[in-house]
Every structure is written in structure tokens, then in C-alpha cells.
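Inspection log for the structure reproduced underneath, given as C-alpha cells.
Bear in mind these aren't lab numbers, they're just calculated from the coordinates by the rules spelled out. Remember, it's a predicted structure, so these values are computed and weren't measured experimentally. In this analysis, Cβ positions are derived from the backbone assuming ideal geometry, glycine residues included, and neighbour counts consider all displayed protein chains.
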């Protein structure tokens, strides 16, 4: 839902965004010095507020769902909240609170021959701008992680989830008030106008880093327009490679879970690659499993011969994030062809190999150029909570600053603290 603005409205929005940025900058200075106890108190109080206000959050989400009737079933699933997802948000805040505080942690220390003692110490990034689509739970996850890592957050959720995000932010504010921390530590952009994103991307004097989480069009826009450093969360074109040496039952379980557990999440598998030997012994059963689960299978010529329900795959399919009950299937000669296909067509997000051969697995894990690589496990483990990080803002598909799940520790930088005893440089 794109909303365009008149000239006066645009100027008012720029002024409001300026106020948000200045308030966030002020709050970030206080958060950088906040104690672990106060941050954890805020997170636990926010969790309690989310539970206490579950009915209000569900009512807000109902408004969003009613206005999003034109979305696909997978996107509606990403938008929808229920009691279990609300509880997961609350639990996520508590899990983040239980994590070690990254701020002030000494990453390395050493003493020079001249007696200077040098330490590399974690510090917050400052103000983090997060631009995301659809999933309102990102509002809670991002707020919690930024708070834990001493950063102020400016959130620009999708227009389709505006009411849900606003209700969740109010719970975060309740937690901040309970801990005596500034409410401006977490702020939601108060407009669904498209112009708000452009303004946000120009606020280099008050925002230190931008994290976009959404589809290719959003990521490309942010990368093209941002005057602020960006940690990218690109689309999840994730792969499962079933080797000739895979256990058949394990392969069936992993493929079905990777694709169908939740089709609308970024860790859902979109392409299945199968070794030529496994195509004869394992693939027919996998196709049957997928079809029974309601998944459309689009395959190459070899796959099509196995089941008349298989739809012919086109070149476009290998580069598509479906976020739906659709999967493309290709038979390959072996692990090297699978690696080449993934590196050429994947989004450097998450890819897994199913094999009983340890050497083959190591070759895959070493040569696939993705943020997350797995052996004998579902791609749907691509989640900060599953990594023991409490939550994550996204899966970074870039290589600079952070890669893979972006949790509290990844939302920090560092500085060098040098202690001397009167040394001067000769």
C-alpha cells in the first residue's frame, strides 16, 4: 500500500523524522552507558507488557489482516499474529535479556614492549534504522536486540503491519519506562508514506546504520539510495542438496521440513538439488511427499519423468524466492555441480547438504559461499533463536560487518582502549 503525500505533508514528515532522529541520538548516548541490569529490566518488563496486552495486539493485527486481503496466503501468514506468536515475542525478549551483555566486553588485549596495555572493547553502533516488511514480530525482535546492545532503534515497518507494530512498540515503551530508560530508545516511524523511507535513508547525521529486511525491490532501493552504511538482508533463495550418499528417510524429512514447515520465511528452501544416483532411489518419494503436502513441484527434464504432476521448470525458477508452496528441482551430477549452481543462483543466505559422506559434506560446507551452511539439517534453522542468539533482526547476506544471523553482538562495533604509564613516542 503506497501512500503519496502533498508538499506540505511531505515537509511535515521531514520535520517529524528529524525529531525522531534527534531524540534517538540523545537516547543512544544514555543507552550506551546503561547498566546491564537496567537493560534487562526493560526487556523483562516489555515481555510482561506483551503478554498483558495480547488482546490489544491481536485487535491491532486484525485491522492489518482485514486491510491485507489481497496478499498471498504466504504473506498473510507472515503478517498474522496469534497467541503462540505473541508468546514467542515475549519469550524472545526474555531470552535476549538472559544473553551476556556485549557492551564493554573485551574482545582482545595485549601489552606492547613499551608497556602500553591495549584492549579492543565492544561498543554500540549508536542509532540503528530498521526497514522491514510484513512480519510484525520483527518489531519486538529488533527492539529487544537494539536495547540489549545499547543502540537506539528507529523502526519503519511495512504499511501492512502498521497497527500491529504500533501496539508492540507501546509494550516496548512500557518496559523502557519501567526501567527508567528513555522511550525514544525505540521509535516507530509514524507514517506509512513511501517518502518516509527516502527521508530515513538520508538521515546520516542521526542514524549510524540501516538494516533492511524484505524483498529484492526493497533491498535494491535501500542500496541505491542510502547515504548510511547498510547491513543487507537479501531474499532467501535457499537450497537443499540431496547427495547420492544421503540416507533416504533423513533426506525426505529434511526436504519436507525445509520447504513446508513455513513457506513464507526467509529460511524456506526454494530449490532442491539431487545427485543423479539419488534421483533414481530417493527423489520419487520426495516428490510424492511434497505433492501430498500441497507443494507444487517444478522440475527439470529428469524430474518430470518421475511424476506426471511435476511442472516444467524455467530458467527463472532457479533465481526465484517463492515464499509459497512451490519448489524447483534439478538433478545434478554431484556435489561440485551442486556447489556451482548454488553459488551462481543462490542469494548467499542458507544452504544445506544431506549426505552420509563426511568428506563430501566438508567440501560443500567449505565451498558454498553463503552466510549459513548446514549438514544434515533443515534450512529452517536459519533463525537467531535457533542459534542461541535469542532473536535476530535478519540474516545478513553481505560480508561486511556482519554475516548470517544479526543478533545483539553483531549490532556492536569496537574501540581500542590504551592504558599507559607516561610513554611518549620516540
Fill in: Between 0 and 90°, nearest 10: helix 36-52 axis offset from the chain longest Cα axis
60 degrees
Discussion item. Based on alpha-carbon centroids, what's the gap between the range 370-384 and the range 46-81 in Å, whole number please?
Written reply: 27 Å
Practice prompt. Using DSSP, restrict attention to beta bridges with both residues in the chain and report what percent are antiparallel, rounded to the nearest 5.
Written response: 30 percent
Worksheet item: Across every pair of different alpha-carbon atoms, what Kirkwood hydrodynamic radius in Å does the range 238-381 reach?
Response: 14.4 Å
Response to the item:
When 192, 86 are arranged by how many other beta-carbons sit within 10 Å of their Cβ, fewest first, they go 192, 86
Worksheet item: For the range 1-97, what's the radius of gyration and Dmax over Cα atoms, in angstrom?
Response: 18.0, 46
Fill in: Degrees separating the helix 54-67 axis from the principal Cα axis of the chain, which is the longest one
60 degrees
Practice prompt. Please work out which option in [x] 25.0, 82; [y] 23.3, 81; [z] 24.3, 73 gives Rg and Dmax of the Cα atoms in Å calculated from these coordinates, and answer with its label.
Written response: [y]
Worksheet entry | P(r) of the range 274-326 over all Cα-Cα pairs, binned every 5 Å from zero, in whole percent | 4, 20, 30, 26, 18, 2
Discussion item. For the range 183-224, I need the span (max minus min coordinate) of the C-alpha atoms along each principal axis, in Å, sorted largest to smallest.
Written reply: 32, 21, 17
Worksheet entry | Per-residue [θ]222 nm for the chain (sum of -39500 (n - 2.57) over DSSP H runs n ≥ 4, rounded to 500) | -13000 deg cm²/dmol
Practice prompt. Using per-residue counts of other Cβ atoms within 10 Å, averaged over each peptide, order 251-258, 165-172 from highest down.
Written response: 165-172, 251-258
Fill in: Cα-only Debye scattering, the range 308-426: base-10 log of I(q)/I(0) at q = 0.09, 0.12, 0.21, 0.23 Å⁻¹
-0.38, -0.58, -1.30, -1.41
Worksheet entry | Contact order normalised by residue count of the range 238-381, Cα under 8 Å, 6+ apart, percent | 34 percent
Discussion item. How tilted is helix 137-148 with respect to the longest principal axis of the chain? Cα atoms for both, answer in degrees (0 to 90, nearest 10).
Written reply: 50 degrees
